[in-house]
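Below: one structure, written as structure tokens.
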Amino acid sequence: MNNKLKKIAEQMVAPGKGILAADESTPTIGKHFDKIGLENTKPNRQAYREMLFSTSGIGQYISGVIMYDETIRQSTASGNGFVSVLQNEGVLPGIKVDEGTAPDPNSPNEKITKGLNGLPERLKEYASLGAKFTKWRAVITIDENQNLPTDENLRRNAQDLAQYAKFVQEAGLVPIVEPEVLMDGKYSTHSIEKCAEVTEKTLNYLFEELKNAEVETEGIILKPNMIVPGENSGQKVSPDEIAQATITLFRKILPENLPGIVFLSGGQSEIEATENLNAMNKMGELPWRLSFSYGRALQDSALKIWNGKQENVPAAQAKFLHRAKMNSLATFGKYSPDLENA
Ligand code: 13P
């Protein structure tokens, strides 16, 4: 096994630490800015990311930050590159290398992910900019009326994730491998049982293809969805039920030499994402580190408090640090809702 990759992967899931996903593409961050009525300009995106990354103490709870192509090249207002701001806090710089999704040509209501063309060259540049790890997100859509997902779409996404992971390891970086079975979106009326069934197939195909591509399991980080019902299902489940369903499946199918699993939040509220992670880490000894790589569930409140205004930066940073700390506690199974207002 490549020791350099193993070391980075272990750092990414160091005890009590998780990853901040701040790699929203320009259109996606625009949707978040819409919520606070802020124009989606380059200076506003820079100011927002500066607010997050320059939070004092970020390195206590955050092991790495996933950035977007524009972001990894940006600096603070006073001229310090974001990469060095993070490095100075002991936080690993990471980069999203997929180029977003497109309709699957064979099944237009499903998605494939773009970005394999020219990837090895782009990886060289990102490594030279200081990136230590990367992310690629595949999106799996459940719609029982249309019999989605199709096997062909699951296979294609697994193959593309594996090809991506192989290129990334060859470039000396650690790939975050993210197959997201959507809980939100247009349909999302499926039950937790259906989510478990589709996630099982998704992960089984993924690990088959990772093996075929000779990707080293000890040098990847898996970023899956939790096993949850679709947002529009009306099904109510507790954090313990989500934890049981997720861990039962993972114990059944995931290799034990996987260094870590960092969940996406996928449309869960901030508190739900923390409670669910906590419930899993309360279940006792697990073969892998179980942590977070949240986007919305780390940023939503901080973004609202910031509201595009410089004078709100300290309060927004305090909120962001608080969520990071709550999720850090959840990686030890030591979170409690009482701590929210402590
Ligand atoms: P969410 O936690 O908002 O789902 O974002 C995580 C992510 O990186 C999705 O690709």
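The values are calculated or read from the model by the stated rules, or taken from the named source; none is laboratory data. Everything quoted here is computed from the prediction, not taken from an experiment. Backbone-built Cβ (ideal geometry, glycine too); neighbour counts: all protein chains shown. When the accessible area is computed, the model is the full protein with side chains, heavy atoms only, and any ligands, DNA or RNA have been set aside. Shrake-Rupley method; radii C 1.70, N 1.55, O 1.52, S 1.80 Å.
Just to be sure I understand the filter: pairs with C-beta atoms under 6 Å, separated by 6 or more residues or on different chains, first member in region 290-312 and over 17 Å from residue 28 (Cβ atoms), second member modelled with pLDDT of 95 or more and near the ligand (Cβ under 9 Å from one of its atoms). Which pairs pass?
From region 290-312, the pairs are 292/263.
Going by what's in this entry, would residue 152 be described as open to solvent by 10 Å² or more (accessible area, probe 1.4 Å), of a type in the set (Asp, Glu) and more than 16 Å from the ligand (Cβ to nearest atom)?
Considered against the rule, which asks whether it is open to solvent by 10 Å² or more (accessible area, probe 1.4 Å), of a type in the set (Asp, Glu) and more than 16 Å from the ligand (Cβ to nearest atom), residue 152 comes out as yes.
How many residues are closer than 17 Å to residue 287 by Cα and either in contact with a Cys (Cβ under 9 Å, 6 or more places away or on another chain) or buried (at least 21 other Cβ atoms within 10 Å of the Cβ) (or both) when one looks only at region 204-225?
Here the count works out to 6.
Say whether the condition of being open to solvent by 40 Å² or more (accessible area, probe 1.4 Å) and in a strand (DSSP E or B) is met by at least one residue in region 179-193.
Checked against the condition, which is being open to solvent by 40 Å² or more (accessible area, probe 1.4 Å) and in a strand (DSSP E or B), region 179-193 yields no hits at all.
Return the pair list, or none, for Cβ contacts closer than 7 Å from residues in region 178-202 that are modelled with pLDDT under 95 to residues that are assigned to a helix (DSSP H, G or I), at least 6 apart or on different chains.
none
Have a look at 127, 131, 102 and point out the one that is within 20 Å of residue 184 (Cβ to Cβ) and out of contact with any Asp or Glu (no Cβ under 8 Å at 6 or more places or on another chain).
After ruling out the rest, the residue left standing is 102.
What's the total number of residues in region 38-83 that are touching a residue at least 60 places away in the same chain (Cβ under 8 Å) and surrounded by fewer than 20 Cβ atoms within 10 Å (Cβ to Cβ)?
So the count comes out to 6.
Within region 110-132, restricting attention to residues that are among the polar types (S, T, N, Q) and more than 30 Å from residue 145 (Cα to Cα), which residue is least open to solvent (accessible area, probe 1.4 Å)?
128
Which of (1) within 16 Å of the ligand (Cβ to nearest atom); (2) outside any helix (DSSP H, G or I) is the odd one out, the single condition residue 164 does not satisfy?
With respect to (1) within 16 Å of the ligand (Cβ to nearest atom); (2) outside any helix (DSSP H, G or I), residue 164 is out only on (2).
Hey, could you check region 283-342 for residues that are basic (Lys, Arg) and surrounded by fewer than 16 Cβ atoms within 10 Å (Cβ to Cβ) and say which is farthest from the ligand (Cβ to nearest atom)?
My answer is 309.
How do the pairs read when you match residues in region 1-28 that are within 13 Å of residue 216 (Cβ to Cβ) and of a type in the set (S, T, N, Q) with residues anywhere that are open to solvent by 40 Å² or more (accessible area, probe 1.4 Å) and part of a loop (DSSP other than H, G, I, E, B), using Cβ under 9 Å and keeping only pairs 6 or more apart or on different chains?
Close Cβ pairs (under 9 Å, with a partner that is open to solvent by 40 Å² or more (accessible area, probe 1.4 Å) and part of a loop (DSSP other than H, G, I, E, B)) amount to 2/216.
Scan region 1-37 for residues that are away from the ligand (no atom under 16 Å from the Cβ) and open to solvent by less than 40 Å² (accessible area, probe 1.4 Å) and report the count.
Selection size over region 1-37: 6.
Consider region 185-203. How many of its residues are more than 16 Å from the ligand (Cβ to nearest atom) and under 22 Å from residue 293 (Cβ atoms)?
5
Looking only at region 251-282, how many residues end up being closer than 23 Å to residue 236 by Cα, assigned to a loop (DSSP other than H, G, I, E, B) and away from the ligand (no atom under 16 Å from the Cβ)?
Final tally of qualifying residues: 1.
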